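Some notes on the structure that comes next.
The values are calculated or read from the model by the stated rules, or taken from the named source; none is laboratory data. Keep in mind the model is a prediction, meaning the values are calculated, not measured. Ideal geometry is used to build each Cβ from the backbone, glycine not excepted, and the neighbour counts take in all protein chains shown.
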Amino acid sequence: MSDVSRLRGSFVALVTPFDERFDVDEGALRDLVEWHIEQGTDGIVPCGTTGESATLSHEEHKRVIELVVKAVDGRVPVIAGAGSNSTRESIELTRHAADVGADFVLSITPYYNKPTQDGLVRHFQEIADAVDIPLVLYNVPGRTSVNMLPAAVAAAAQHPRIVGIKEATANLAQISEVIRSTPPDFVVLSGDDFTVLPTLAVGGRGVISVTANLVPKLNAELIRLWERGEVEKAREIHFRLLPLARACFLETNPIPVKAGVARLRGISPRVRLPLLEASPKTREELERVLATL
């Protein structure tokens with residue numbers, strides 16, 4: 001069982017680089033992992049929304065998890081994206097992540113199906129019963145059309161292998177209620193770059209971040225300043241990062257952030273259809289904001 005105390009700080013929702021054939025660029029992926037560890041990122045999250053998991057085949061998905069786990073080599077936690085709108089498929093992906101050595105899995109609420117709250121709880125309980133790896137739930141109703149409400153999160157949190165949640169609602173009332181109604185060791189991570197500091201203020205432990213792809217050191221420093229009680233300095237970074245968060249969502253994530261990583265780290269800006277590469281206007285705004293950071 002992984003140490004839940006490692007679920008803290010700035011985790012990057014890692015982009016998946018593609019080569020000129022739109023295949024996974026394995027060398028670039030390894031280089032990104034190494035850069036993030038050098039920059040102080042606290043953990044790596046491959047195959048999430050930002051990693052374009054929706055257009056990776058199962059074989060590619062599994063390969064990316066394997067590559068990241070091997071590249072990290074135990075230096076920071078890996079939270080492997082392993083969710084699906086099929087419970088059986090989720091179990092398969094979760095078992096694979098456990099087998100190759102991921103520390104945790106990120107398990108999204110089933111999209112498109114629109115399950116009930118009881119169905120959500122049963123879905124995650126079934127996965128947790130079938131595997132031997134801790135689950136971090138992922139609530140992002142803007143993507144899935146279902147919002148896992150605090151009562152359902154609290155029910156799921158009774159399972160010993162359901163240890164946390166990535167809350168991407170940006171709803172601080174809901175986030176506060178999740179924290180209030182779950183056990184003290186249940187970890188809430190912000191899934192929204194605009195509300196990292198407010199989430200920390202109500203008891204969150206960190207963030208799974210899009211903007212950390214571009215400025216990992218600043219994102220990690222915000223968390224560390226907060227943990228040291230240097231609230232004013234943390235607030236200063238929060239406001240410095242807000243324009244970048246806005247720029248990263250000018251178009252559908254990960255279109256803008258991948259363009260930014262291409263500019264900073266030399267990967268290809270390619271995204272898979274039905275997504276398209278960032279428009280000139282978005283790239284121009286990213287350049288402007290990054291120059292200030």
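Assorted remarks:
- Considering (1) hydroxyl-bearing (S, T, Y); (2) closer than 22 Å to P274 by Cα; (3) free of Cβ contacts under 8 Å to residues at least 40 places away in the same chain, the lone condition that S5 does not fulfil carries the number (2).
- Any hit, region 251-258, residues being in contact with a helix residue (DSSP H, G or I) (Cβ under 6 Å, 6 or more places away or on another chain) and closer than 21 Å to A28 by Cα: yes
- Flag if A278 is crowded, with 17+ Cβ neighbours inside 10 Å and outside any helix (DSSP H, G or I): yes
- Enumeration of residues in region 6-38 that are surrounded by fewer than 17 Cβ atoms within 10 Å (Cβ to Cβ) and either in contact with a Pro (Cβ under 7 Å, 6 or more places away or on another chain) or among the β-branched types (V, I, T) (or both): R6
- Residues (surrounded by fewer than 22 Cβ atoms within 10 Å (Cβ to Cβ), among the β-branched types (V, I, T) and over 19 Å from R75 (Cβ atoms)) located in region 87-112: T87, I91
- The helices (runs of 4 or more DSSP H) found entirely in region 1-108 that carry 2 or more residues being farther than 23 Å from P269 by Cα are 58-72, 87-99.
- Scope region 173-200; condition among the small types (G, A, S) and under 20 Å from the mean Cα position of the chain (by Cα); matching residues: S176, S190, G191
- For region 140-196, a residue qualifies if it is β-branched (V, I, T), closer than 30 Å to E236 by Cα and either in a helix (DSSP H, G or I) or out of contact with any helix residue (DSSP H, G or I) (no Cβ under 9 Å at 6 or more places or on another chain) (or both), and the qualifying residues are V140, I175, V178, I179, T195, V196.
- Boolean, V210 is over 22 Å from A278 (Cβ atoms) and surrounded by 24 or more Cβ atoms within 10 Å (Cβ to Cβ): no
- Conditions (1) more than 18 Å from the chain's Cα centre (by Cα); (2) within 22 Å of S5 (Cβ to Cβ); (3) not in a loop (DSSP other than H, G, I, E, B): number failed by D132: (3)
- Qualifying positions in region 201-251 - within 21 Å of D185 (Cα to Cα), in contact (Cβ under 8 Å) with a residue 24 or more places away in the chain, outside any helix (DSSP H, G or I) and more than 14 Å from the chain's Cα centre (by Cα): V202, G203, G204
- Screening C248 against (1) buried (at least 23 other Cβ atoms within 10 Å of the Cβ); (2) farther than 22 Å from G142 by Cα leaves a single unmet condition, (2).
- G83 fulfils the conditions (1) crowded, with 16+ Cβ neighbours inside 10 Å; (2) at pLDDT 95 or above; (3) touching a helix residue (DSSP H, G or I) at 6+ places or on another chain (Cβ under 6 Å) except for a single criterion, (2).
- The residues listed here are D193, D185; of these, the one that is buried (at least 23 other Cβ atoms within 10 Å of the Cβ) and either touching a strand residue (DSSP E or B) at 6+ places or on another chain (Cβ under 8 Å) or not hydroxyl-bearing (S, T, Y) (or both) is D193.
- Some residue of region 254-267 being in a loop (DSSP other than H, G, I, E, B), closer than 20 Å to T49 by Cα and modelled with pLDDT of 95 or more: yes
- Taken as a whole, the condition of being modelled with pLDDT under 95, surrounded by fewer than 21 Cβ atoms within 10 Å (Cβ to Cβ) and either more than 25 Å from N219 (Cβ to Cβ) or out of contact with any Asp or Glu (no Cβ under 7 Å at 6 or more places or on another chain) (or both) applies to D3.
- With respect to the conditions (1) loosely packed, with under 14 Cβ neighbours inside 10 Å; (2) touching a His at 6+ places or on another chain (Cβ under 8 Å), S53 lacks only one, and its number is (1).
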